[in-house]
Every structure is written in C-alpha cells, then in structure tokens.
C-alpha cells in the first residue's frame, strides 16, 4: 500500500509493490473475467430490421421578437447511448454557408458531440421557420449498421442568433417492441413526442 504522502516522488515510488509484466495469457484471462454485458460483441442482439423512431416537435418564435426580424433556428435531433456517446444525428438544420457555420456551435450540446465524434450529420439541411416538424431514424449508428437493443437518450436542441436557446431530452428503449413518450417542452420547443415502431 502506498503511503498517503511522502517527502518526494522517489520515496513514494520506492515503497510501491513491484509490478510484474502482463502477458497475453494474463490479458486473455482478464478479458474472460469481465461480465459479458460490459463487452461489445457482434453477437449482441440488434434492433430489428424495419425499426423506426419518429420524433415530432413544434418550434414557435417567442413573443420577445415583436418588431424584430425572426431568424430561423438551428435545430439538432440526435441519440446518445447510456454512456453519453453519440450514436446518430437524426437531423441537423443550420444555415449552410460560411457565415452560417460560424454559429453552429450555438447548438452547444450537439456541437460538442458532433465535433468529438468527427462524424458528419446523417441528415442535415437548411434552417426552417416556425412550425411543426417530424424527423425519423432507422436505428442505425454512425457506421451505418443497426445499433444494439437497449437504453438510449433522445435529445432535441434549438438555438438561433439573437434569440433564446432550447434543450430537452428523454430516455428511450430500443428493442423488439414499440415505445412511445413525450419530451418536456422548453422555451420555443413544444409538443415533443417520440414513437418507436418495430
């Protein structure tokens, strides 16, 4: 056991137990001892073919815009796994010009996931005005293959230049049966629903 503190690095490191080299056989036995549920496996059940997750939401410009031009929002809809890793961008709407790309980071949460993953959005497009919209996901991940059955988190985020920021999320379960739910309204995002059909 290492001392809680020492007078210097040499003293601390001289008192630690000797380390032994770990060979391939030892690594194999360590991997074999890890519970199967914590390992990624090609034999893990994946979502069935034909699964579809439909997300609907309404975007409404706020009352604070009276007398000012309303800029269309940037909106992102995406899914993360239970560890917070980006699984797939379902849709990303932003102004696709050099000037518009400067404001992409206003979608704070999605932009962080987007840049860390290095993945291009599966579906992207120009911004849209206030209205009710529906986007859909086929249950495939960034590599284009079906994702594993299990628990995920759905996110919807909206931001616009000189306007408010909205963010909401809900857990979802992908499996062999359908699922339906609502997301909490936030700011200019309302009437948010999710439905999974198998």
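The values are calculated or read from the model by the stated rules, or taken from the named source; none is laboratory data. Since this is a predicted model, take the numbers as computed values, not measurements. Cβ coordinates were reconstructed from backbone atoms using ideal geometry, including for glycine residues, and neighbour counts include every protein chain displayed.
If you take the residues in segment 138-152 that are within 16 Å of residue 85 (Cβ to Cβ) and in a strand (DSSP E or B), which one is nearest to the chain's Cα centre (by Cα)? The qualifying residue nearest to the chain's Cα centre (by Cα) is 152.
Mind checking which residues of segment 153-165 are over 19 Å from residue 125 (Cα atoms) and within 16 Å of the chain's Cα centre (by Cα)?
Once the filter is applied, which keeps residues that are over 19 Å from residue 125 (Cα atoms) and within 16 Å of the chain's Cα centre (by Cα), segment 153-165 yields 153, 154.
Within segment 97-110, one or more residues are assigned to a loop (DSSP other than H, G, I, E, B) and at pLDDT 90 or above. Confirm whether residue 74 is under 30 Å from residue 164 (Cβ atoms), touching a helix residue (DSSP H, G or I) at 6+ places or on another chain (Cβ under 9 Å), buried (at least 21 other Cβ atoms within 10 Å of the Cβ) and modelled with pLDDT under 95. Yes; evaluated as a whole, the condition is true for this residue.
The single residue among 127, 176, 134, 170 that is part of a strand (DSSP E or B), over 14 Å from the mean Cα position of the chain (by Cα) and in contact (Cβ under 8 Å) with a residue 24 or more places away in the chain turns out to be 134. The lone criterion from (1) within 15 Å of residue 77 (Cβ to Cβ); (2) crowded, with 16+ Cβ neighbours inside 10 Å left unmet by residue 128 is number (2). When residue 117 is tested against the conditions (1) in contact with a strand residue (DSSP E or B) (Cβ under 9 Å, 6 or more places away or on another chain); (2) surrounded by fewer than 16 Cβ atoms within 10 Å (Cβ to Cβ); (3) more than 18 Å from residue 94 (Cβ to Cβ), the lone failure is (3). Selection of segment 153-166 for residues being surrounded by fewer than 20 Cβ atoms within 10 Å (Cβ to Cβ) and in a loop (DSSP other than H, G, I, E, B) yields 161, 162, 164. Would you confirm, using the coordinates I've provided, whether residue 90 is under 19 Å from residue 189 (Cβ atoms), surrounded by 14 or more Cβ atoms within 10 Å (Cβ to Cβ), out of contact with any helix residue (DSSP H, G or I) (no Cβ under 7 Å at 6 or more places or on another chain) and modelled with pLDDT of 85 or more? Answer is yes for this residue.
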